[in-house]
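The values are calculated or read from the model by the stated rules, or taken from the named source; none is laboratory data. These figures come from a predicted structure and were not determined experimentally. For neighbour counting, all protein chains shown are included, and Cβ atoms are generated from backbone atoms with ideal geometry for every residue, glycine included.
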Ligand SMILES: *Cc1c(COP(=O)(O)O)cnc(C)c1O
């Protein structure tokens, strides 16, 4: 069976892991520090802090923004649970907004209708690594004093009008879960662009202590000064991350090749079978995170996934509409029928096997199997 995903293995990662275990296996060690610098260089963010996951980085954002019960955060209805749950943990209410039919990103034309006096933040997700319309988002958020938190789990190395994703929001988050372009099993990062938040981000991530300042020699002892939790990534995982980031050009080149081959070789089949391939607007440099297709309806999609399975290839669907999940429904900020694009694409979307090391022959088998589906 050709798997849906296979984590990348970087050439030096085991060697780096061994060195981290010998030298400094807890967090903020030399590997993690260098990985953070590479993230800053790649995204243009002002600072990067490695975290134990993207979910934890989002939780850190909710704390940093001092979100409380009653506050509202606008999130796409079509996203991973953590985009909303990290804010719910602080008692804030996620307000579900529908997505655009072309890019499946937060629909900026609906945003103003979701804003109330209690709105504090907007959390765009660059789905599949294709940018949201950031000019519109920024011009809606800025005059109203709303924070933008980019959930950039898919978008690392992507850009919008030449500016890297992760550099638009006051805060942005990355994921290094095994399913992401760059991975260390479980891991993440907080990117900070608002300098006013940097020092507190360090403190909250270090259990509410000023340990980072102590290690820099800026205070002579470290102590408990704020709320916080334990969100620092072990340098053993930081070592894997650094090895992968050092190979990012090759990883991204290989992912691009796989993506473009699907797009070219499936175009005719898609056109004659009423299947839509991904839309990448010309002003967006995508991150090659996934290759998805929209089948005409749920029954066709189910038949398609079964067909590919019988041909030895694992294809998978994606998010459930968050407002229709048990928890999302209970929060009640959108009812069934109120996010029609999300509800339709959740039924129709399928993702093909996609990873940097997908062999040409295997990809050829997937493509043949897709074309045999009618
Ligand atoms: C993967 C993902 C997350 C969660 O990442 P973790 O590192 O597993 O916590 C959050 N948001 C989006 C959009 C994701 O794809």
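Residue 270 falls short on exactly one of the conditions (1) over 22 Å from the mean Cα position of the chain (by Cα); (2) assigned to a loop (DSSP other than H, G, I, E, B); (3) not assigned by TED's automatic domain parsing to the domain that holds residue 34, and that condition is (2). Filtering the stretch 309-338 to residues that are over 26 Å from residue 4 (Cβ atoms) and outside any helix (DSSP H, G or I) leaves 332, 333, 334, 335, 336, 337, 338.
Being within 25 Å of residue 196 (Cα to Cα), touching a helix residue (DSSP H, G or I) at 6+ places or on another chain (Cβ under 7 Å) and surrounded by fewer than 24 Cβ atoms within 10 Å (Cβ to Cβ) narrows it down to one residue among 27, 32; which is it? Give the derivation first.
Numbers: 32 fails: surrounded by fewer than 24 Cβ atoms within 10 Å (Cβ to Cβ).
Criteria check complete, one pass: 27.
May I ask you to verify whether residue 120 is assigned to a loop (DSSP other than H, G, I, E, B), outside the structural domain of residue 294 (by TED's automatic domain parsing), modelled with pLDDT of 95 or more and over 15 Å from residue 342 (Cβ atoms)? When the stated conditions are applied, residue 120 does not pass them. Of all the criteria given as (1) out of contact with any strand residue (DSSP E or B) (no Cβ under 9 Å at 6 or more places or on another chain); (2) free of Cβ contacts under 8 Å to residues at least 60 places away in the same chain; (3) over 23 Å from residue 284 (Cα atoms), the one not satisfied by residue 204 is (2).
Have a look at 84, 131, 77 and point out the one that is within 11 Å of the ligand (Cβ to nearest atom) and surrounded by 24 or more Cβ atoms within 10 Å (Cβ to Cβ). Can you show your working first?
On the way: 131 fails: within 11 Å of the ligand (Cβ to nearest atom); 77 fails: within 11 Å of the ligand (Cβ to nearest atom).
Unique residue meeting the criteria: 84.
Being touching a residue at least 60 places away in the same chain (Cβ under 8 Å), surrounded by fewer than 23 Cβ atoms within 10 Å (Cβ to Cβ), away from the ligand (no atom under 15 Å from the Cβ) and farther than 30 Å from residue 3 by Cβ is the requirement here; does residue 193 meet it? Judged against the criteria, residue 193 is a match. Out of all the residues in the stretch 47-72, which are without any contact (Cβ under 8 Å) to a residue 60 or more places away in the chain and within 14 Å of the ligand (Cβ to nearest atom)? Of everything in the stretch 47-72, just one residue is without any contact (Cβ under 8 Å) to a residue 60 or more places away in the chain and within 14 Å of the ligand (Cβ to nearest atom), namely 62. Of the residues screened, residue 287 is not one that is touching a strand residue (DSSP E or B) at 6+ places or on another chain (Cβ under 6 Å) and under 27 Å from residue 135 (Cα atoms). Considered as a group, the residues in the stretch 112-128 that are touching a helix residue (DSSP H, G or I) at 6+ places or on another chain (Cβ under 8 Å) and closer than 17 Å to residue 100 by Cβ include one that is nearest to the ligand (Cβ to nearest atom), and that residue is 125.
Taking the stretch 159-180 as the range and being more than 10 Å from the ligand (Cβ to nearest atom) and buried (at least 24 other Cβ atoms within 10 Å of the Cβ) as the test, the residues that pass are 165, 166, 168, 169, 171, 172. Looking at the stretch 1-19 only, could you name the residues that are touching a residue at least 24 places away in the same chain (Cβ under 8 Å) and over 26 Å from residue 255 (Cβ atoms)? Result: 19, single match.
Would you confirm whether or not the stretch 177-187 contains a residue that is in contact with a strand residue (DSSP E or B) (Cβ under 6 Å, 6 or more places away or on another chain) and either part of a strand (DSSP E or B) or farther than 27 Å from residue 114 by Cα (or both)? Quick ask: steps written out before the conclusion?
Applying the first criterion (in contact with a strand residue (DSSP E or B) (Cβ under 6 Å, 6 or more places away or on another chain)) to the stretch 177-187 yields none.
No, the stretch 177-187 contains no residue that is in contact with a strand residue (DSSP E or B) (Cβ under 6 Å, 6 or more places away or on another chain) and either part of a strand (DSSP E or B) or farther than 27 Å from residue 114 by Cα (or both).
Number of residues in the stretch 207-241 that are touching a strand residue (DSSP E or B) at 6+ places or on another chain (Cβ under 9 Å) and closer than 20 Å to residue 31 by Cα equals 10. Here residue 256 meets each of (1) more than 25 Å from residue 149 (Cα to Cα); (2) assigned to a loop (DSSP other than H, G, I, E, B); (3) modelled with pLDDT of 95 or more with one exception, condition (2). Scanning the stretch 95-111 for residues that are within 18 Å of residue 337 (Cβ to Cβ) and in contact with a helix residue (DSSP H, G or I) (Cβ under 6 Å, 6 or more places away or on another chain), we see that the one that is surrounded by the fewest Cβ atoms within 10 Å (Cβ to Cβ) is 101. Of the candidates 147, 121, 153, the single residue that is crowded, with 24+ Cβ neighbours inside 10 Å and touching a strand residue (DSSP E or B) at 6+ places or on another chain (Cβ under 6 Å) is 153.
So that you can scan it fast, the table gives a plain yes or no per residue for (1) touching a strand residue (DSSP E or B) at 6+ places or on another chain (Cβ under 7 Å); (2) in contact (Cβ under 8 Å) with a residue 12 or more places away in the chain:
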position: 340; (1), (2): no, yes
position: 346; (1), (2): no, yes
position: 353; (1), (2): yes, yes
position: 364; (1), (2): no, no
position: 367; (1), (2): no, yes
position: 372; (1), (2): no, yes
